[in-house]
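Just so it is clear, none of the values below were taken in a lab; they were calculated from the coordinates. Keep in mind it's a predicted model, so treat the numbers as computed, not measured. Cβ coordinates were reconstructed from backbone atoms using ideal geometry, including for glycine residues, and neighbour counts include every protein chain displayed.
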Amino acid sequence: MSATQNPIIAFADAITEAGLGAPAIIPDGVLHRHHIEGDRPGTLNGWHVLHLDGVPAGAFGSWKTGESVSWSSRAKADLTLSDRIRMAQILANARQRHSDERRQGQVIAASRAMRLWTEAMPAEPQHPYLVAKQVAPHGIRQAGSLLLVPVTDGERLVSIQTITGTGDKRFLKGGRMAGGFYRIPGASAASPLVIGEGFATVASLVERHDCPGVVAFNAGNLLAVAKEMRRRYHDAPIVIAGDNDKWTPGNPGATKARAAAVAIRAKLMIPDFTGMDLSGKPTDWNDYYRLTGATLARSAA
């Protein structure tokens, strides 16, 4: 930054150049949240804090990606030891505040989840989503038209995933997700434990193979859930049933499933849709079994 440049403008420019938003800066030394273009509308994953006392300094980043950047109006080569210590403290304070806010949000979400779960009724087998996916409820509940899938840490309910009749899925705001899962018992306890992403996917595997299943909810959570299952069932055979996201660049479903399988020494299975109807862009094991069933039905007709 040049000696004459306004530090507030320079700080805002640094945030924008880093691709972490274009917020209106409030230089009061307090952490503020802001929206980052490309994130889901209404989210405030971006954050920034700017101090103007002494040498103008601050920090900014994204809670979604974990990226954080320290900033000073002075060039790095001109920073004194005192300046560096101060910048490190600004960043540490921002991270601590985020950690405190996250824990508070998780407590509030867990309380709300328990209230929703307690007041809900067992899910109707004829719920439109369950009918469309051709799976049973497997212990989930229903509040009005919403299905409720519990997110647990194994001992406590920490959040809830809601599913509409058309398959729109949401999690409680602020609820803990990392490592959260839902376990579906299988008829055969001797069968391998199968870990997959979505409820319908795991329900399909449980029903067709009589195996116990664990819902990890998304590809990004597979590794954490897999490690927790390995910790709980040290010598048990485990299978990671990944999605085949061939329609998404990088195929995150298969890529993250493979990484989880390698990390815990588990077997891996990815659905192969070769020769099937691809008009619906199938990706998971629920899609696979429904397409297989439709093919068999047509063959028998």
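Legend: residue pairs K64/K227; K169/K246; K76/K173, Cα-Cα distance threshold 31 Å; pairs beyond threshold, K76/K173.
Between E155 and H35, the contour length at 0.36 nm per residue exceeds the alpha carbon distance by 39.8 nm. Placing pseudo-labels 7 Å out from each Cα toward the beta carbon at Y233 and A136 gives an inter-label distance of 1.8 nm. Which residue, R74, R156, R290, tops the fluctuation ranking in a GNM of the chain built on C-alpha contacts under 10 Å? Looking only at R74, R156, R290, the largest GNM fluctuation is found for R74. Of the peptides 273-286, 39-52, the order by per-residue mean of other Cβ atoms within 10 Å, starting with the highest, comes out as 39-52, 273-286.
With springs only between Cα atoms under 10 Å apart, run a GNM on the chain and tell me which of G213, G19, G180 wobbles the most. In this elastic network of the chain, the residue with the biggest mean-square fluctuation among G213, G19, G180 is G19.
Projected onto planes of every orientation and averaged, the convex hull of the alpha-carbon atoms in the chain covers 19.9 nm². The helix-based estimate of mean residue ellipticity at 222 nm for the chain, built from -39,500 (n - 2.57) per DSSP H run of four or more residues and divided by its residue count, is -11500 deg cm²/dmol to the nearest 500. Considering all different alpha carbon pairs of the range 1-80, the Kirkwood hydrodynamic radius works out to 12.9 Å. Near V151, the amide H atoms lying under 5 Å from its own belong to V158, S159, I160, Q161; only residues 5 or more places off or on other chains count, and H is placed 1.01 Å from N.
In a GNM of the chain with a 10 Å cut-off on Cα contacts, which of T80, T248, T152 has the highest mean-square fluctuation? Of the options given, T80 has the highest mean-square fluctuation. With R₀ set to 51 Å, the beta-carbon distance separating R258 from T80 gives a calculated FRET efficiency near 0.60.
Extension gain for M269 to T292 (0.36 nm times residue separation, less C-alpha to C-alpha distance): 6.7 nm. Charge tally around A132: other residues with Cβ under 14 Å, Lys/Arg +1 each, Asp/Glu -1 each, net -1. For E119 and K246, the difference between the fully extended length at 0.36 nm per residue and the C-alpha to C-alpha distance is 41.8 nm.
Over all pairs of different C-alpha atoms in the range 188-263, the reciprocal of the mean inverse distance, the Kirkwood hydrodynamic radius, equals 12.3 Å.
Shown for the chain are no DSSP H helices, since none reaches 30 Å along its axis, judged by Cα atoms, with a mean Kyte-Doolittle hydropathy of at least 1.6. Packing here is the average count of other Cβ atoms within 10 Å per residue, and on that basis the peptides 55-61, 159-165, highest first, run 55-61, 159-165.
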